[in-house]
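A short worksheet on the structure shown next.
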Amino acid sequence: MKLAIIKLGGSVISDKRRPYSLKYELIREIGDVLRRSLDEWRLILVHGGGSFGHPKVKEIMDKNMTLKDMGWEVIRIMCDMSVKVTEALGRPFAPYSTPSLWSRGIIVEPLLEAINVDWVPVLQGNVVPPGIVISGDEIVKELALKLKPELVALATDVEGVYASWPPQGPPLKKASPCDVEAKGSQGIDVTGGMKKKLEEMNMVAKVTRVIVFNGLKPENYEKILKGKIVGTEIVPC
């Protein structure tokens, strides 16, 4: 069975301008669509920090404290976010704590055991000892390089990747991280926005197909898993 790694951007499932908010109805719709694909695909999901992790990290930094001292607060709030996200996604989506699976990189064996019994593990951008922020995109990169999935799909709040920002015209059908001027992220984002996302995906695009698409439209998930052209395909530099 084919494997897809899907990243739910924090700006898709939450409003980064409203701390600790989730778009529950959209997340439920995404869960319904993805559930219908499980006869053909095994899935691993990763979600961004969105309106949970980013404000908490900023709050700690604004107090002149370090993530080595207070990173456990971020871990708690991100695990809470994952529980809420998976409850909205429904069965068989299960939260997996990224710090528990990270030791100089991602530990994939528990995730493989989960997908082998038809569960869908859901990881999150988080903090790992000794206080390092690991973004959802970094996790996707690690997973993709180790597992070599048939597809990596990055759900964002825009239609794809544009040649310049602000956009003029439709998104690019194909884009190299070296050739585009990417936008930052609206609201608080401590992990770099679209520009950083493309840099992380450059290496992944050498081993598998990578798509950046509008994740605010639930039907796009089904289209991508059926091989239809949606959004922008990332090609390596």
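The values are calculated or read from the model by the stated rules, or taken from the named source; none is laboratory data. This structure is a prediction, so every number in the text was calculated from the model and none was measured. When we count neighbours, we look across all protein chains shown, and the Cβ atoms used for this are built from the backbone with ideal geometry, even at glycine. The area values use the complete protein model at the heavy-atom level, side chains included, leaving out ligands, DNA and RNA. Shrake-Rupley method; radii C 1.70, N 1.55, O 1.52, S 1.80 Å.
Tabulated values for the structure
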item	result
List 100, 176, ordered by accessible area with a 1.4 Å probe, largest first	100, 176
Relative contact order (percent, whole number), the chain, Cα cutoff 8 Å, 6+ residue spacing	24 percent
Rounded percent of accessible protein surface that carbon and sulfur make up, the chain, 1.4 Å probe	51 percent
Net charge of neighbours whose Cβ lies under 11 Å from the Cβ of residue 150, counting Lys and Arg as +1 and Asp and Glu as -1	+3
Ellipticity estimate at 222 nm from DSSP helix runs (n ≥ 4, -39,500 (n - 2.57)) divided over the chain, nearest 500	-12000 deg cm²/dmol
Highest to lowest packing among 140-146, 43-49, scored as the average C-beta count within 10 Å	43-49, 140-146
Solvent-accessible area per residue, Å², over the range 25-146 with all protein chains present [probe radius 1.4 Å]	44 Å²
By average C-beta atoms within 10 angstrom, highest first, the peptides 50-56, 166-172	50-56, 166-172
Straight-distance crosslink candidates among lysines, where the alpha carbon sits under 21 Å from residue 141 and sequence neighbours closer than 8 are dropped	2, 7, 174, 183, 195, 196, 197, 206
The chain: translational diffusion in µm²/s, Stokes-Einstein, Kirkwood Rh over Cα pairs, 10 °C, 1.306 mPa s	90 µm²/s
